[in-house]
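One structure is given below, encoded as structure tokens.
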Amino acid sequence: MVKIENITKTYEKGKVKALTNINLSIEKGELFGLIGPDGAGKTSLFRILTSLLIPDSGIVKIMNFDVVKDYKEIRKITGYMPGKFSLYQDLSVEENLNFFASVFGTTVKENYSLIEDIYVQIEPFKKRLAGKLSGGMKQKLALSCALIHKPEILVLDEPTTGVDAVSRKEFWEMLKKLKSEGITILVSTPYMDEASLCDRIALIQNGEILSVDKPLNIINQFNKKLFAIRTSNMYQLMQDLKQFGSLNTAFLFGQVVHFTSKNKNTNSEEIRFFLKENNHSDIFIKEIVPSIEDCFMEFAKNEK
Amino acid sequence: MEKVIIVKNLVKKFEDFVANDNLTFDVYKGEIFGFLGANGAGKTTAMKILCALSQPTSGELNVAGFDVYTQQDKIKANIGYMSQRFSLYEDLTVFENIQFYAGIYGLSNKIIKERAENLIKKLEMVEMKNKLVSSLPLGWRQKLSFSIAIIHKPQIVFLDEPTGGVDPITRRQFWDLIYDAANDGITIFVTTHYMDEAEYCNRVSIMVDGRIEALDTPQNLKKQFNAEDMNEVFIQLARKSKNKE
Amino acid sequence: MNKFKAFVKKEFYHIFRDKRTMLILFGMPIVQILLFGFVITTEIKDVEIAIWDKSKDEVTQKITNKILGSGYFKLVKNIDNEQEIYNAFKKGTIKEALIFENNFAQNLNNRNNANIQIITDASDPNIANLIVNYTSAIVYSYTGELNSNLTIPMQIKTESTMLYNSELKSVFMFVPGTMAMILMLVSAMITSIAITREKELGTMEVLLVSPLKVSQIIIGKVAPYIVLSIINVITIIALAMSIFHMPIVGSLSLLIAVSILFIFMALSLGILISTVTNDQQTAMMISMFALMLPTILLSGFIFPIENMPKILQWLTVIIPPKYYISAIKDIMLKGSGLSYIWKDVAVLFLMTLVLLGLSIKKFKIRLE
């Protein structure tokens, strides 16, 4: 469906590197996640995919259309939701939807079935100006507008950034539903916990892909023992772990610290002993399965 | 424990719309207080009032020992503020930004120089001292911006989604800074959409439709809602929201 | 066609929902024309004058009395040398000086004519013009009285000199300039802002990713402003005709046709500006400095081109409003037809073609 080969993109005459040698291929009907922090190159890559930017080198093909040469065809088959809320704030919900429908040469009626589930949630406010909607509602409207022409491929740039946990959850449920309609979906996000909701993900940092695979396989690539540790004094715990002889990483993860050692043989008992030495009480240690966020940090660290 | 923020029956109305509906809570000295809520729950409104940027409709409020109705200037001198959006001047260098912000809080040149150097060293930014802020990656900027927000050693620092979009490693380094500051006795008042960060707080309040629906330590909240993590607590609460618009 | 209709409809929503745009679009032309009209007053009263009566005879005395008795003029002082006149003008104590020539009454009797020289301060050209007209009228009415019982008509010649602004301009002269300015403002500035606003809000990104063609986006964006500009032209002409009784000597349809040409030129400029900027503020600044200022300063609107330094005169050649103002001035005030103004029109037409071509070529189908 999408084939990305050796894409490199720089800005300001090569001074700023946005993307370096990106290779990806995405299957039809896939829900593909591009995961990385701000400034990793997600937006640049999506803009190349939607024919808004020309790469310095490399080839991108969507359904065999070249994004540079055949940009007219590309624009017919893609639905795009930019990172910034980009609907007309001074038009109402209804007016926005009608406008984008006619821009794509269709009507709201024609493809209503596709957006129905999403649109019914905002329909009670169809007379309200888009600028007056809350974050979650804006996202729903933007998604409706991107879908109105029944695109083959949907490109969503950070649709859940700045949106609260509940709206985010709802948004991902909508994406799953769209996927079941056979639409290929590319979505980028800085939230690592959303990775498990995708069929496949690419981790991206500083314009380079760290890893591409199914979320489970990525977790399997994590080749170290990961311990979750908790004691009564978390601040002190972090300070002390930094002194642990074979420390590889120690990161706060919610209520626990995720700890890895350089030494394969490090086990819970050794850590417990070390912490007792340092006067910690209520010590909890457990070896756990890493999350995507653990993987991301590990890969990013190795990359450096 | 010493209270640095006392809020009693805070109400804020915009015409008919009640943004803050009778909030009552205290924040203790040196604690990390997580202020959570869905979009539009009224977090920003309340935070603006606490920072003395807007007046409440009614209620008793005391921030850093001063009254929000009559002693706004004193409050502003005793708090720090950092938001995700506005933080630093991109066309000034790292050092110039520090100098400027420290200057507006009336620190003497000697103290500014001393603290600027400590800060730059602590952030490992010695080589970037004279670089424009626009050339720094986002994560660095946020760390710098936080350090600047507390350069005048305020009693309380307010952080409005300080880690949005920041990479996971830098996000944790950021929280290290927060812990250090709290350890120095600075009270941290923080909002975030990352639920794992809610776990780092000493206490967490969750707002729904302008009211505080829950306020306790993360551990107690999880027990109370029979939830595995804060994300679940949050979703259970936020689902209750009546105005799902 | 459906796409186009939807686009234009959307554009009108933007315009009607933004009070500031509405104010600029419809308030501005009216305020401008009224301001120019009323600041340049059309009535005079108690104008300070000085008189140098070289002859001091019966006739000059009679004329002086008649002038001072009219109520329009007030004698500040009698003077007897040229230097004093200029000093008084410089100090601003007088607005007009009258000089009766030597042996005025004698000349009138012997040669049947005599001369009065009128000097006015023309830094306010409209007032100066009025003062001269009033003065001359009083003098003529005096000669009229004299001649009623004479067979050979006697003549008193008034010879006027305008100080400080030799090329006289009146309220009518401001109408073409105001039209040029308003059209620049509405067509170029507002259009460039309307397009850059879409870039700033990110909606341009979505439009570009849609199957719309560049020409469709451009035409859709500017069509409403063409309509609004034409409404503005008609409003200004109607105001000038009704409130200031400005005569339109030439053909009204030619006037509107030339205006439409100018509107297209300005729109192309607006689009061109929007292609080189990414935010509204820059677009506004460029429009202000690159369009509005030259329109006001270099088009001959306020300052006569003939009096400019040579370099600036050369510069005016590339200022489009110069040709527009010159063309419609001729149509409105002289009644010239196309055969007379064709040069100006041709230059405007060429400029429009070049600018339009350039802006379409530069209008990016991508983000960079």
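Things to note:
- Subset of the stretch A:217-242 (residues that are farther than 18 Å from A:Phe299 by Cα, in a loop (DSSP other than H, G, I, E, B) and touching a residue at least 24 places away in the same chain (Cβ under 8 Å)): A:Thr231, A:Ser232, A:Asn233
- Screening the stretch A:249-283 for residues that are within 14 Å of another protein chain (Cβ to nearest Cβ), touching a Ser or Thr at 6+ places or on another chain (Cβ under 7 Å) and touching a residue at least 40 places away in the same chain (Cβ under 8 Å) and picking the one that is farthest from B:Asp176 (Cα to Cα) gives A:Asp282.
- Condition broken by A:Ala40, with the remaining ones in (1) open to solvent by 10 Å² or more (accessible area, probe 1.4 Å); (2) within 14 Å of chain B (Cβ to nearest Cβ) satisfied: (1)
- Within the stretch A:87-125, the residues that satisfy the criterion of being surrounded by fewer than 16 Cβ atoms within 10 Å (Cβ to Cβ), under 29 Å from the mean Cα position of the chain (by Cα) and farther than 19 Å from A:Lys76 by Cα are A:Ser113, A:Glu116, A:Asp117, A:Val120, A:Glu123.
- Tally, over the stretch C:233-260, of residues that are hydroxyl-bearing (Ser, Thr, Tyr) and out of contact with any Leu (no Cβ under 9 Å at 6 or more places or on another chain): 3
- On inspection, C:Ser326 does not qualify as open to solvent by less than 70 Å² (accessible area, probe 1.4 Å), under 22 Å from C:Ile218 (Cβ atoms) and polar (S, T, N, Q).
- Test set (1) over 18 Å from the mean Cα position of the chain (by Cα); (2) modelled with pLDDT of 90 or more - C:Asn278 fails condition number: (2)
- Positions within the stretch C:198-234 being of a type in the set (Ser, Thr, Tyr) and surrounded by fewer than 19 Cβ atoms within 10 Å (Cβ to Cβ), in sequence order: C:Ser215
- The residues of the stretch A:51-79 that are facing chain C (nearest Cβ under 7 Å), open to solvent by 20 Å² or more (accessible area, probe 1.4 Å) and in a loop (DSSP other than H, G, I, E, B) amount to a single one, A:Ile54.
- Any chance C:Thr93 is assigned by TED's automatic domain parsing to the domain that holds C:Leu146, at pLDDT 85 or above and of a type outside the set (Lys, Arg): no
- Among the residues here, C:Ile237 does not qualify as out of contact with any strand residue (DSSP E or B) (no Cβ under 9 Å at 6 or more places or on another chain), surrounded by fewer than 17 Cβ atoms within 10 Å (Cβ to Cβ) and away from chain A (no Cβ under 14 Å).
- Checked against (1) more than 10 Å from every other protein chain (Cβ to nearest Cβ); (2) in contact (Cβ under 8 Å) with a residue 60 or more places away in the chain; (3) touching a helix residue (DSSP H, G or I) at 6+ places or on another chain (Cβ under 9 Å), B:Tyr200 meets all criteria but (1).
- Single unsatisfied condition, A:Gln236 versus (1) within 13 Å of chain B (Cβ to nearest Cβ); (2) over 22 Å from B:Glu197 (Cβ atoms): (2)
- Options A:Leu143, A:Leu133; residue that is open to solvent by less than 20 Å² (accessible area, probe 1.4 Å) and within 14 Å of chain C (Cβ to nearest Cβ): A:Leu143
Results for (1) within 14 Å of another protein chain (Cβ to nearest Cβ); (2) assigned to a strand (DSSP E or B), shown as yes or no for each residue.
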| position | (1), (2) |
| --- | --- |
| B:Lys8 | no, yes |
| B:Asn20 | no, yes |
| B:Phe25 | no, yes |
| B:Asn39 | yes, no |
| B:Thr44 | yes, no |
| B:Ala52 | no, no |
| B:Asn62 | no, yes |
| B:Leu107 | no, no |
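- Selection of first residues in the stretch C:301-328 that are over 23 Å from C:Ala122 (Cα atoms) and in the same structural domain as C:Phe174 (by TED's automatic domain parsing) and of second residues that are among the aliphatic types (A, V, I, L, M) and assigned to a loop (DSSP other than H, G, I, E, B), restricted to Cβ pairs under 8 Å at least 6 apart or on distinct chains, gives the following pairs, ordered by first then second residue: C:Leu312/C:Leu298; C:Leu315/C:Leu298; C:Thr316/C:Leu298; C:Thr316/C:Met308; C:Ile319/C:Leu298; C:Lys322/C:Leu298.
- Within the stretch B:65-87, tally of residues that are under 15 Å from B:Ile6 (Cα atoms) and in contact with a strand residue (DSSP E or B) (Cβ under 6 Å, 6 or more places away or on another chain): 3
- Of everything listed in (1) at the interface with chain B (Cβ under 10 Å from one of its Cβ atoms); (2) among the small types (Gly, Ala, Ser); (3) more than 28 Å from B:Asp176 (Cα to Cα), the single unmet condition for A:Ala165 is (3).
- Residue count for the stretch C:249-295 under the criterion of being of a type outside the set (S, T, N, Q) and part of a loop (DSSP other than H, G, I, E, B): the result is 3.
- Matching residues, the stretch A:193-216, being surrounded by fewer than 17 Cβ atoms within 10 Å (Cβ to Cβ), touching a Ser or Thr at 6+ places or on another chain (Cβ under 9 Å) and away from every other protein chain (no Cβ under 14 Å): A:Leu216
- From the list B:Leu237, B:Leu159, B:Leu144, B:Leu215, the lone residue that is over 16 Å from the mean Cα position of the chain (by Cα), among the hydrophobic types (A, V, I, L, M, F, W, C), more than 7 Å from chain A (Cβ to nearest Cβ) and open to solvent by less than 30 Å² (accessible area, probe 1.4 Å) is B:Leu237.
- Cβ-Cβ contacts under 7 Å between residues 6 or more apart (or on different chains), taken from a first residue in the stretch C:197-217 that is facing chain A (nearest Cβ under 7 Å) to a second residue that is assigned to a helix (DSSP H, G or I) and open to solvent by 20 Å² or more (accessible area, probe 1.4 Å), are listed as C:Pro211/A:Lys72; C:Pro211/A:Lys76; C:Leu212/C:Lys3.
- Candidate set: the stretch A:80-113, residues that are part of a helix (DSSP H, G or I) and polar (S, T, N, Q); chosen: the one farthest from the other protein chains (Cβ to nearest Cβ): A:Ser113
- Residue check for C:Lys54: in contact with a Phe, Trp or Tyr (Cβ under 7 Å, 6 or more places away or on another chain) and either modelled with pLDDT under 85 or more than 30 Å from C:Met246 (Cβ to Cβ) (or both): yes
- Qualifying residue in the stretch B:162-173 (condition: surrounded by fewer than 22 Cβ atoms within 10 Å (Cβ to Cβ) and more than 10 Å from chain A (Cβ to nearest Cβ)): no
- Every condition in (1) surrounded by fewer than 20 Cβ atoms within 10 Å (Cβ to Cβ); (2) assigned to a loop (DSSP other than H, G, I, E, B) is met by A:Glu158 except one, and the failing one is (1).
- Looking across the stretch A:114-125, the residues that are away from every other protein chain (no Cβ under 12 Å) and touching a residue at least 12 places away in the same chain (Cβ under 8 Å) come down to A:Leu114, A:Ile115, A:Asp117, A:Ile118, A:Tyr119.
The values are calculated or read from the model by the stated rules, or taken from the named source; none is laboratory data. Since the model is a prediction, treat every value here as computed from it, not as a measurement. Note that we place each Cβ from the backbone using ideal geometry, even for glycine, and neighbour counts take in every protein chain shown. Heads up: the accessible areas ignore ligands, DNA and RNA and are worked out on the full protein's heavy atoms, side chains in. Shrake-Rupley method; radii C 1.70, N 1.55, O 1.52, S 1.80 Å.
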